[in-house]
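Scroll down for the structure; my scribbles are underneath it.
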Amino acid sequence: MLSSFASVREVAQVDTGVSLHALMKLSHIHLFGIGLILLGVGAIFRKVALRTRLKMTLIIAPFAAVLADILAWFLTKWDPHYAYTVITAGIILGLALAGQILISLYQLWFLRPHRVNESI
């Protein structure tokens with residue numbers, strides 16, 4: 001019967017999520033997979049006509065966000081408040097990646113290239 005704290009303590013277990021070993025395997029897969037996606041999209045995005053500071057921010061932000069996101073996975077095992085960091089970093093990653101893709105597609109599809117005077 002669960003009438004005292006001691007009896008509840010015997011059957012209650014704190015769930016700390018997946019094991020550290022499983023978290024290590026998952027984090028490596030995510031770091032390499034997402035890193036390669038960011039590398040490919042960033043290689044295309046670096047060719048867009050945009051101010052250098054904004055372009056560099058949009059290229060670096062998703063890499064920093066994915067690192068913060070995965071680091072927060074490990075920190076969340078010890079303190080659940082880091083789950084907010086996981087959510088925030090995921091939002092930053094998604095917005096920066098969407099910005100890169102949408103700006104690249106807009107300039108590819110809708111902007112006309114500058115013509116060089118060919119009469120020379």
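The values are calculated or read from the model by the stated rules, or taken from the named source; none is laboratory data. Computed from a predicted model, the values in this text were never measured in an experiment. No Cβ is skipped: glycine too gets one built from the backbone with ideal geometry, and neighbour counts run over all protein chains shown.
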Flagged in region 8-42 as among the aliphatic types (A, V, I, L, M), over 12 Å from the mean Cα position of the chain (by Cα) and surrounded by 14 or more Cβ atoms within 10 Å (Cβ to Cβ), in numbering order, are Leu23, Val41
Here is a check on your reading of the model: is Thr52 within 14 Å of the chain's Cα centre (by Cα), exposed (fewer than 15 other Cβ atoms within 10 Å of the Cβ) and either more than 28 Å from Met24 (Cα to Cα) or of a type outside the set (A, V, I, L, M) (or both)?
no
Please find, within region 77-92, the residue that is farthest from Leu58 (Cα to Cα) out of those that are loosely packed, with under 13 Cβ neighbours inside 10 Å and aliphatic (A, V, I, L, M).
Ile87
Pairs where the first residue, in region 55-79, is within 27 Å of Ser19 (Cβ to Cβ) and the second is among the β-branched types (Val, Ile, Thr) and surrounded by 15 or more Cβ atoms within 10 Å (Cβ to Cβ), C-beta under 6 Å, 6+ apart:
Ala65/Ile92; Val66/Ile34; Asp69/Val86; Ala72/Thr85; Ala72/Val86
Checked pairs for region 5-21, first of a type outside the set (Gly, Ala, Ser), second surrounded by 10 or more Cβ atoms within 10 Å (Cβ to Cβ) and at pLDDT below 80, C-beta under 6 Å and 6 or more apart or across chains, list as Val8/Leu2
Taking into account only those residues within region 60-74 that are crowded, with 18+ Cβ neighbours inside 10 Å and among the β-branched types (Val, Ile, Thr), which is nearest to Leu26 (Cα to Cα)?
Ile70
